[in-house]
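Below is one structure, written out as structure tokens; comments come after it.
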């Protein structure tokens, strides 16, 4: 059973390049959770300190919009979720609800700190891999947003410019 779980982790981008003995150490720390169909792993805005790896079942990533849950993505076996809370220690940005009975590995920030204490290089690689995965998802979201903008020109997404340089007035301004 443990070998199957290690193989599952090794196939995931977040654990790419991580040695089997470190994954075995991490798995020994991490509980397996069972979430019945229609129950939530967590809800949007909950405090979070852990991520999950779905071993069995399906789950939906949901965002609330005017009191309605809107589905963003469906998670299947081998998908991970919740890693943003481990990285930034901010409230959950979305809810995750089980679409079927689910089994998942729960990895807390405390568990990852144990990897840090055991092997700093492997911990750093996990953190870099997590950053890459979050960046990949951000790039995907940017592409989707751009696609929506191109299909619906009346939506003024371009008015929001988070990276625009501030305008400077005065004699030194060019």
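The values are calculated or read from the model by the stated rules, or taken from the named source; none is laboratory data. This structure is a prediction, so every number in the text was calculated from the model and none was measured. We place every Cβ from the backbone using ideal geometry, glycine too, and count neighbours over all the protein chains shown.
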Q) Can you find even one residue in segment 21-29 that is at pLDDT 95 or above, in a loop (DSSP other than H, G, I, E, B) and surrounded by 15 or more Cβ atoms within 10 Å (Cβ to Cβ)? A) no
Q: Keeping to segment 108-156, report how many residues are loosely packed, with under 12 Cβ neighbours inside 10 Å, under 25 Å from residue 15 (Cα atoms) and more than 19 Å from the chain's Cα centre (by Cα).
A: 3
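Tell me yes or no: at least one residue of segment 30-49 is in contact with a helix residue (DSSP H, G or I) (Cβ under 7 Å, 6 or more places away or on another chain) and modelled with pLDDT of 95 or more.
Yes; the residues of segment 30-49 include at least one that is in contact with a helix residue (DSSP H, G or I) (Cβ under 7 Å, 6 or more places away or on another chain) and modelled with pLDDT of 95 or more.
Among the residues of segment 55-67 satisfying the criterion of being in contact (Cβ under 8 Å) with a residue 40 or more places away in the chain and either under 12 Å from residue 34 (Cβ atoms) or more than 18 Å from the chain's Cα centre (by Cα) (or both), which is surrounded by the fewest Cβ atoms within 10 Å (Cβ to Cβ)? Can you show your working first?
Here is the first cut: in segment 55-67, the ones in contact (Cβ under 8 Å) with a residue 40 or more places away in the chain are 55-59.
Still in the list and also either under 12 Å from residue 34 (Cβ atoms) or more than 18 Å from the chain's Cα centre (by Cα) (or both): 55-57.
Values: 55: 17, 56: 13, 57: 19.
It comes out as 56.
Can you say whether residue 48 is in a loop (DSSP other than H, G, I, E, B) and more than 19 Å from residue 127 (Cβ to Cβ), as far as the supplied structure shows?
Values: in a loop (DSSP other than H, G, I, E, B): yes; more than 19 Å from residue 127 (Cβ to Cβ): no.
Answer is no for this residue.
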